[in-house]
1. Are any of the residues in the stretch 419-429 out of contact with any helix residue (DSSP H, G or I) (no Cβ under 9 Å at 6 or more places or on another chain), near the ligand (Cβ under 6 Å from one of its atoms) and either assigned to a loop (DSSP other than H, G, I, E, B) or closer than 21 Å to residue 292 by Cβ (or both)?
2. Can you find even one residue in the stretch 117-132 that is under 22 Å from residue 8 (Cβ atoms) and out of contact with any helix residue (DSSP H, G or I) (no Cβ under 6 Å at 6 or more places or on another chain)?
3. Can you tell which of 435, 382 is within 16 Å of the ligand (Cβ to nearest atom), at pLDDT 95 or above and out of contact with any helix residue (DSSP H, G or I) (no Cβ under 6 Å at 6 or more places or on another chain)?
4. If you go through the stretch 362-378 one residue at a time, do you hit one that is under 30 Å from residue 229 (Cα atoms), surrounded by fewer than 16 Cβ atoms within 10 Å (Cβ to Cβ), in contact with a helix residue (DSSP H, G or I) (Cβ under 9 Å, 6 or more places away or on another chain) and at pLDDT 90 or above?
5. Would you confirm whether any residue within the stretch 449-461 is free of Cβ contacts under 8 Å to residues at least 60 places away in the same chain, farther than 19 Å from residue 319 by Cβ and either near the ligand (Cβ under 8 Å from one of its atoms) or in a loop (DSSP other than H, G, I, E, B) (or both)?
6. Please tell me if residue 355 is without any contact (Cβ under 8 Å) to a residue 60 or more places away in the chain and part of a helix (DSSP H, G or I).
7. Would you mind finding the one in 178, 213, 170, 209 that is modelled with pLDDT under 85 and either within 20 Å of residue 128 (Cα to Cα) or assigned to a strand (DSSP E or B) (or both)?
8. Identify, by number, the condition in (1) within 18 Å of residue 318 (Cα to Cα); (2) within 7 Å of the ligand (Cβ to nearest atom); (3) under 40 Å from the mean Cα position of the chain (by Cα) that residue 360 doesn't meet.
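The values are calculated or read from the model by the stated rules, or taken from the named source; none is laboratory data. Note that the structure is predicted; figures quoted are calculated from it, not measured. Using ideal geometry, Cβ is built from the backbone for each residue, glycine included, and neighbour counts are taken over all protein chains shown.
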Ligand code: ADP
């Protein structure tokens, strides 16, 4: 293939030769004059036209190359398999094709990397904020937007970090990390939540590019820690009281009181009742921990998963009836025979009924304790009603808390641990149900449990 330089030189020689040939013909047959000038003009036009057509051909190929480059930059180029011309422009096109291939591969792999990073950041529960060297936001992930109620992440880009969270200590912390180029962490509070932030420096080979902040909401962890500390303090206190009492009476007996038969008998009775109280606190604590730590205890196999209220009640009937009889209370039980299965193991349902009915008897001096059940749209509804002392309105929201008692001394006196209702609430809610309470001081209290049952639509929804 002839190259462009040779082609253009050859063409110029050829066209000027033809022109001279035409002119010499005209000069040979016609005297010099008007016709010669006309011939000169015609020759120039022919020369010009041929050069224009040729130049146009190359300009078209160059324009095609420019269009190709534009497509490559936009990553929209479709690779061609057409045979390329072998002149300089053809070679340029061939090199460009190779360059486009490399460029497209680089762009695609970078896009893949960026997509990977985006997916990882979006899937993270921790908030991630990338800051530039002066503390302006470069990038945030979805968790940050959810944590700090950002509607449009684009508005954050370019803003100072303070725009996201207004906290002077945090701002100072970020400024120090940026200037000192040191990693570190701190806790801060915003919108009633507690967060912890880790700052990591972002560097390339020899310069700083900014900071990566990883933010975690630790409100629940702190709340659980507080609950645990309070729980341990409560348990210690609850155990210490009967133990101190036992210890005191044992010491008094050892100091000589055992000589007195009457005193000895009285003290031993107190020691026995205090140790029984210790036992019931420990039993309740063990029940709570079993329910909390082993949710499978609530799931179990199919045989343990469903129970009839009647069967569960039969298990506790002797205890409740003798307790009520001792206090002269009437027990009224209405359990329809057509009641569906409750989605809860029989032991757990018995525990719920026992705690609620025992409380009803415990806090009622005279009158009646009633257990009634019905099948409703929400599931099986169990109501335990009494005509007892009632609960003050301000305590109603707290009675399900561990160790909460309306009247501490009285509850202790009648053998309460303060854990019974929290056990009931736990069991009911873990099985997908709920419990409510209504009470009137001096008139009585009514606890209502809504328990998912085998045949209701609600239950089908829960099981899905
Ligand atoms: P306790 O072992 O002290 O009875 P619970 O957790 O079972 O602990 O109950 C918490 C508190 O709720 C009780 O101390 C009592 O003050 C109140 N309470 C529970 N049930 C009744 C009821 N049926 N009538 C009146 N007060 C009740």
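1. Filtering the stretch 419-429 down to residues out of contact with any helix residue (DSSP H, G or I) (no Cβ under 9 Å at 6 or more places or on another chain) leaves 425, 429.
Okay, now just the ones that are also near the ligand (Cβ under 6 Å from one of its atoms), so none.
Checked against the condition, which is being out of contact with any helix residue (DSSP H, G or I) (no Cβ under 9 Å at 6 or more places or on another chain), near the ligand (Cβ under 6 Å from one of its atoms) and either assigned to a loop (DSSP other than H, G, I, E, B) or closer than 21 Å to residue 292 by Cβ (or both), the stretch 419-429 yields no hits at all.
2. So far as the stretch 117-132 goes, no, none of its residues is under 22 Å from residue 8 (Cβ atoms) and out of contact with any helix residue (DSSP H, G or I) (no Cβ under 6 Å at 6 or more places or on another chain).
3. The conditions single out 382.
4. Checked the stretch 362-378: no residue is under 30 Å from residue 229 (Cα atoms), surrounded by fewer than 16 Cβ atoms within 10 Å (Cβ to Cβ), in contact with a helix residue (DSSP H, G or I) (Cβ under 9 Å, 6 or more places away or on another chain) and at pLDDT 90 or above.
5. No, there is no match, as no residue in the stretch 449-461 is free of Cβ contacts under 8 Å to residues at least 60 places away in the same chain, farther than 19 Å from residue 319 by Cβ and either near the ligand (Cβ under 8 Å from one of its atoms) or in a loop (DSSP other than H, G, I, E, B) (or both).
6. Numbers: without any contact (Cβ under 8 Å) to a residue 60 or more places away in the chain: no; part of a helix (DSSP H, G or I): yes.
When the stated conditions are applied, residue 355 does not pass them.
7. 209
8. (3)
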